[in-house]
Amino acid sequence: MQKETEMSLPERWYSLLLVSSSPKFNAVFLGILPKERYGPVTVSGDGASAARFLLENRCDILVLNGPLPDGYGTELALDVSTESRTGVLFLLRAEDYPDLEPKLSPYGILTLSKPVNGRMLLQSLQLLSCTSDRLRRMEQEPRTMDEKMAEIRLLNRAKWRLMEREKMSEKEAHRYIEKRAMDRCISKTAVAREILRSNNEK
């Protein structure tokens with residue numbers, strides 16, 4: 001019985017920082033967050049306190065609920081995405097999404113237009129969790145780190161397009177890209193670029 005219990009435990013937890021000034025959103029987000037997968041979870045009410053926290057602490061995932069009291073949060077998102085391996089999920093107001101999404105996505109930042117349902121939130125976190133695992137493994141190969149990070153971000157953008165446009169899950173999008181690459185004898189990155197081009201994304 002003990003062996004069965006140990007096998008049911010998750011392989012690892014993912015530390016998470018939520019930056020949001022909305023008590024209502026915070027309560028909903030924390031309520032749907034799988035406690036057996038994400039932790040510790042830290043909540044910050046503004047960008048400045050979040051930046052101070054990140055100076056002394058490392059986290060796997062950063063979730064930003066924009067705009068923040070001391071700015072929209074784009075500078076914090078870009079700093080974290082470019083200077084660390086922390087995955088970033090940015091929730092944008094619907095009216096801001098068309099302008100900000102093209103500026104953020106090239107840096108590997110996942111964006112969602114509010115209002116957001118729980119299913120999309122959890123799928124986005126799953127995608128960032130998988131990315132975190134891959135980056136951990138890649139740290140053993142520092143010479144190719146930049147190239148592999150660029151490849152992962154490209155694949156994540158393609159997966160997200162499939163999840164958003166075709167209503168696929170993260171696993172379905174992953175399998176779709178792998179199968180298409182195998183069937184055509186091309187790389188997964190080539191498939192990802194085709195998917196992004198088909199959605200008018202450079």
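The values are calculated or read from the model by the stated rules, or taken from the named source; none is laboratory data. Since the model is a prediction, treat every value here as computed from it, not as a measurement. When we count neighbours, we look across all protein chains shown, and the Cβ atoms used for this are built from the backbone with ideal geometry, even at glycine.
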Among the residues of the range 178-190, is any over 23 Å from Leu78 (Cβ atoms) and modelled with pLDDT of 90 or more?
no
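Within the range 42-70, how many residues turn out to be touching a residue at least 12 places away in the same chain (Cβ under 8 Å) and either small (Gly, Ala, Ser) or touching a Lys or Arg at 6+ places or on another chain (Cβ under 6 Å) (or both)?
7
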Sort through Met163, Met149, Met145, Met168 and tell me the only one that's hydrophobic (A, V, I, L, M, F, W, C), part of a loop (DSSP other than H, G, I, E, B) and surrounded by 13 or more Cβ atoms within 10 Å (Cβ to Cβ).
Met168
Mind listing just one residue for me: the one in the range 66-105 that is out of contact with any helix residue (DSSP H, G or I) (no Cβ under 8 Å at 6 or more places or on another chain) and among the charged types (D, E, K, R) and, of those, farthest from Asn156 (Cα to Cα)?
Glu95
